[in-house]
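These notes concern the structure reproduced below.
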Amino acid sequence: GTVALVAALLQVGCASFPPPNEQLAVATAAVDNAARAGAAELAPAELSTARDKLARANASMIEEKYERAQMLAEAALVDARLAEAKARHATAAKAALAVRDGNRVLRQEIDRGAAQ
């Protein structure tokens, strides 16, 4: 009797937690955005972690472990946003370096022209 009651309560508890479809969609979009931002090259560890957590979230959905799926989807979202931010930062740093180098070359040309 007690075992049946506990099993019934656990089943009701799991059933009352809705499938985190929105969280999974948002996390999936964030992983895709990070990949498009160049995270596979510029933040591979973070992107890999986000993809792993997203895969585990999807597996949890199949198993109807919705609370775990939501937790993993939210963690994947955070990791994907970190991967995207790192990728965008690296891209911006490369662009800033290119501008700085261009300015240096331009300054040298100006100085050479002024010396003639």
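Mind listing the phi-derived Karplus ³J(HN,Hα) values for the range 16-30, rounded to whole Hz, using 6.51, -1.76 and 1.60 with θ = phi - 60°, and x for any glycine or proline?
7, 8, x, x, x, 4, 5, 4, 5, 5, 5, 5, 4, 5, 5
Got a number for carbon plus sulfur as a percent of the range 75-116's accessible area, 1.4 Å probe?
Looking at the range 75-116 in its full context, I get 60 percent from C and S.
Which one of Ala34, Ala69, Ala93 has the biggest mean-square fluctuation once the chain is modelled by GNM with Cα springs under 10 Å?
Ala93
Looking at the chain as a GNM with Cα springs under 10 Å, which of Val105, Val78, Val31 has the largest mean-square fluctuation?
Val105
Quick one: 3J(HN,Hα) in Hz for the range 76-87, Karplus 6.51/-1.76/1.60 with θ = phi - 60°, rounded, Gly and Pro as x.
Karplus values, whole Hz, x for Gly and Pro: 4, 4, 4, 5, 5, 5, 5, 4, 5, 4, 5, 5.
Taking the chain as a Gaussian network, where each spring joins two C-alpha atoms under 10 Å apart, which residue of Ala30, Ala50, Ala96 fluctuates the most?
In this elastic network of the chain, the residue with the biggest mean-square fluctuation among Ala30, Ala50, Ala96 is Ala96.
Nothing charged except the Cβ atoms of Lys and Arg (+1) and of Asp and Glu (-1): what's the magnitude of the dipole of the chain about its Cα centre? Round to the nearest 20 debye.
On the way: 14 positive and 14 negative charges, 96 e Å.
Dipole of the chain, to the nearest 20 debye: 460 debye.
Loop-only check: which GluC sites (Glu not before Pro) in the range 27-116 are DSSP coil with at most 15 other Cβ within 10 angstrom? It would help to have the intermediate numbers written out before the result.
Working: sites: Glu41, Glu46, Glu63, Glu64, Glu67, Glu74, Glu84, Glu109; in loops: Glu63, Glu64.
Those satisfying the criteria are Glu63, Glu64.
How many Å² of accessible area per residue for the range 56-116, probe 1.4 Å?
Counting only protein heavy atoms, the per-residue value for the range 56-116 is 72 Å².
What FRET efficiency would be calculated for the residue pair Glu67, Ala25, taking the C-beta separation as r and a Förster radius of 25 Å, to the nearest 0.05?
The pair Glu67/Ala25 has a calculated efficiency of 0.90.
The values are calculated or read from the model by the stated rules, or taken from the named source; none is laboratory data. None of these values were measured; they are calculated from a predicted model. All Cβ positions, even for glycine, are placed from backbone atoms using ideal geometry, and neighbour counts span all protein chains on display. Note: areas computed on protein heavy atoms with side chains; ligands, DNA, RNA excluded. Shrake-Rupley method; radii C 1.70, N 1.55, O 1.52, S 1.80 Å.
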